[in-house]
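Report on the structure given below.
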Amino acid sequence: MPISQALHLTSMLLASASFIGLTLGAGLPEWLAALTGATLIAVLLRNIGIKSVERFTMQMPVSAIGWNLIVLGGFSGFWIDLLWISGDLLPAGLHFLMILLVIKLFNLRLRRDYLHLYAISLVAILAAGSLTTDLWFFPIFSVYLLAGVWTLLLFQLTKHSEVSGDVGMVMPIQQEYYEESNRVSPRFFWMANGLAGGAFLITVIIFFTIPRVTAGVYQKGFGENIRTSGFSDRVNLGSIGTIKRDPSIVMRVELPKSPSRDSRPLYLRGVSFDRYDGKVWTNQLSHRRSLIEESPGTFVFRGKQAVARVQRGEAIQQKILLEPLDTSVLFAAPFIEGVSGTFPSLFFDDTGAVYLPFPSSSRIEYTVVSRPTVLVPSDFGYEPSQYPETLVRHYLQLPLQSDRITTLAEEVTQRQRNAYEKATAIQTHLTSNYRYSLDAPLAEQQQPLEEFLFSRKTGYCEHYATAMVIMLRTIGVPARLVTGFMATEWNDYGNYYVVRQQDAHAWVEVYLPYSGWIRMDPTPTEDNPAAGGPVWQVFGPMMDNIRLQWNRLFVQYSAADQLAVVREFKAEGLSVQTKALDSVTALFGSFMAVLSGMVTHDMSQVRIGLLGEILGIVMIGLAMAFWLGRSQPWATTSFWKMTHSDEQVIAQLYRRMRTYLTGQGFSSSTAIAPLELVEITRTRWREAHSAVALITELYCRTRFGHIPLTSEDVKQAEGYLCRLLELPKP
């Protein structure tokens, strides 16, 4: 392939990679994405020689002044977009950037036009990197890096081409060498790919050397978070049902100390509510206080606990990767005892919920230690006659309602003697006699709870949880409604739970005198339909695990992760060093023992190991020196076959020739390439053309082709230079 055509193709690939990255990251308007994509395809078809496309683009009735007016129009559109359409500087600027890209693609004539195209592509790929942290950016950036290295090399090689204003138009001197050098040879192909690989390796080293300070500033598409419901201080009955159909991933939860999956679902607690007015749940205990920071990034509960617990279960450690949500709640298994993460501060309320200072606009990763309450045998006896005043005030509150709910609760629990048995009876009644459905518009009813219990007898988790809490309160058992997520989807490749929007759930916490708050779930079980088809069900978990590792190793790579990597490399290095020393000792230890006269059963292993190590290093060094001296690998490379004196001699002759031509009225600009200078002398000074052509050929062959000069070549060049100096002025 000719170098000029290769430059066109790599330039288009560079622009295409940046355009695709920006389209996926920023979500460009459909019309703008279609316009830019069509322009890229048209220019690419023109460059590969499609005549119809070439004639169409060449015959476009737009002059240079017309294109300048189009640019001014695009700039005016930028201000309109900024002030009245997008209302934000970043999207308006990106839209204007794509308009400039389209205009520049239709005006690729001079070398500076290509430089403008490269600058626009660079800004676009940088913007795409700041707009996303997703895995798809990695292959796009890799393509951009490869195309960038190729483009820079080809652009430099075609520096002499801009003679008639068209990049890639080569003016040969009619020597075979120059005709061959105008094509992409296999050697150049592998050299360019090697440079690209080296650049990628350096990029990876820098990437892992410098930890990430933060994620992409606008990685969620100009600050949009996943919308959630049911995790504020006020929740309408039926609000969770609106998100139960959304399969978007909300978080991923690892259990580091539990490598195998528990058959039971994992409940991730968010917020609890104590007051119900017949339609809306509210949290009257939402006053937030700061968690104590025990050490940098580690927050714990101390002193008076927000949640009463008499006996605790085993600690559960969770490592949670939370997507950007529109709530400041931190989710975890109940009940939280400590949280670790890169947080400036954390807050909690009297119900045990933990909050960020404000909703996060990027993914966050944190570790939680939770300890659930345990049901103790004392609660199987008779319940006390009175509860503490705080529990009565907040968790026995009832809305205005008919006596039908009280009558139902008493009928269901008439044979039970304590709070736990009554709660179990109500839970069994709801799960056995009612049907789960998301198509129950009960929120529009005047009495949605009574409509659920006595008429429709169908609903989703909020209706079941609300019914159980109110029924328990009518018979004097403290209870509250809790919202969060119920994780059931286990990823076998990464050993973690995948939690989706459709896993949003509401359940009940019942207060028992001796055990404290115990979780109970009256909602009938319903398996969420798996997202995607059969193929996605096979490869989906694998891809999700890759995304998780991408976020951990690339997006959330912190100074602590950097230190861990350094320690791991150090440990591996010590292990390799130890194994190498053991091998050297085994190879040369006995030999050194014989030489030293130390063939005894109690000889010092340390001494033999040290001598063996020294001998091994010396012998390896001698072997390497012998191999290099015999094979001389550098001698097979044409670059080293050429002596530096050859290059210096022809370079000096070439400089003398150019200096002389400058004195004869020719331009002294270094921007004039060697082949261009030959063409100029052929036009303006025919008598000097042969001398200039020969000296230039020898100079290019030695300087760029790394072909050594012979003594005949040097004599011939000196003779032609002497003739040139003797010629009369043009």
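The values are calculated or read from the model by the stated rules, or taken from the named source; none is laboratory data. Quick caveat, the model's predicted, so the values are computed rather than measured. Neighbour counts run over all protein chains shown; Cβ positions are idealised from the backbone, glycine included.
As for the stretch 58-65, it holds at least one residue that is of a type outside the set (S, T, N, Q), at pLDDT 80 or above and surrounded by fewer than 18 Cβ atoms within 10 Å (Cβ to Cβ). Each residue in the stretch 1-47 was checked for being touching a helix residue (DSSP H, G or I) at 6+ places or on another chain (Cβ under 9 Å) and not in a helix (DSSP H, G or I), and 4 of them qualify. If you go through the stretch 475-508 and keep only what is more than 38 Å from the chain's Cα centre (by Cα) and under 16 Å from Phe231 (Cβ atoms), you end up with just Arg480. Scanning the stretch 335-365 for residues that are among the β-branched types (Val, Ile, Thr) and under 20 Å from the mean Cα position of the chain (by Cα) gives Thr342, Ile364.
Quick check, is Ser432 exposed (fewer than 15 other Cβ atoms within 10 Å of the Cβ) and within 50 Å of the chain's Cα centre (by Cα)? Yes; evaluated as a whole, the condition is true for this residue. Taking the criterion of being touching a residue at least 12 places away in the same chain (Cβ under 8 Å), more than 17 Å from Arg275 (Cβ to Cβ) and surrounded by fewer than 16 Cβ atoms within 10 Å (Cβ to Cβ), the residues of the stretch 384-407 that qualify are Pro384, Ser402, Arg404.
Put simply, of Ala124, Ala92 the only residue that is closer than 16 Å to Thr151 by Cβ, within 27 Å of the chain's Cα centre (by Cα) and in the same structural domain as Asn47 (by TED's automatic domain parsing) is Ala124. Does Gly216 satisfy being surrounded by 13 or more Cβ atoms within 10 Å (Cβ to Cβ), over 24 Å from Ala487 (Cα atoms), modelled with pLDDT under 75 and among the small types (Gly, Ala, Ser)? So Gly216 fits the description; yes. Consider the stretch 509-535 and keep the residues that are over 26 Å from the mean Cα position of the chain (by Cα) and farther than 24 Å from Thr373 by Cα. The one that is modelled with the highest pLDDT is Glu526.
Residues that are more than 25 Å from Arg187 (Cβ to Cβ) and at pLDDT 85 or above occur in the stretch 694-706; there is at least one. With the structure loaded, tell me whether Ile680 is modelled with pLDDT of 85 or more and surrounded by fewer than 20 Cβ atoms within 10 Å (Cβ to Cβ) or whether it fails that test. Answer is yes for this residue. If you go through the stretch 490-506 and keep only what is crowded, with 22+ Cβ neighbours inside 10 Å and assigned to a strand (DSSP E or B), you end up with Tyr496, Tyr497, Val498, Val499, Ala504, His505, Ala506.
Here Ile120, Ile125 are screened, and the one residue that is within 17 Å of Thr39 (Cβ to Cβ) and modelled with pLDDT of 90 or more is Ile120. In the stretch 473-492, the residues that are closer than 13 Å to Tyr267 by Cα reach residues that are in a loop (DSSP other than H, G, I, E, B) with C-beta atoms within less than 7 angstrom, at least six apart or across chains, in these pairs: Thr483/Gly230; Thr483/Phe231; Gly484/Phe331; Phe485/Phe331; Met486/Pro265; Ala487/Pro265; Thr488/Pro265.
Residues in the stretch 319-352 that are part of a loop (DSSP other than H, G, I, E, B) and β-branched (Val, Ile, Thr) were compared, and the one that is nearest to Ser370 (Cα to Cα) is Thr351.
Residues that are outside any helix (DSSP H, G or I) and touching a helix residue (DSSP H, G or I) at 6+ places or on another chain (Cβ under 6 Å) were ranked within the stretch 473-486; the one that is nearest to Asn418 (Cα to Cα) is Val477. Contact annotation: residue pairs with Cβ atoms under 9 Å, 6 or more positions apart or on different chains, pairing a residue in the stretch 408-422 that is exposed (fewer than 14 other Cβ atoms within 10 Å of the Cβ) with a partner that is among the acidic types (Asp, Glu) and assigned to a loop (DSSP other than H, G, I, E, B), are Arg417/Glu383.
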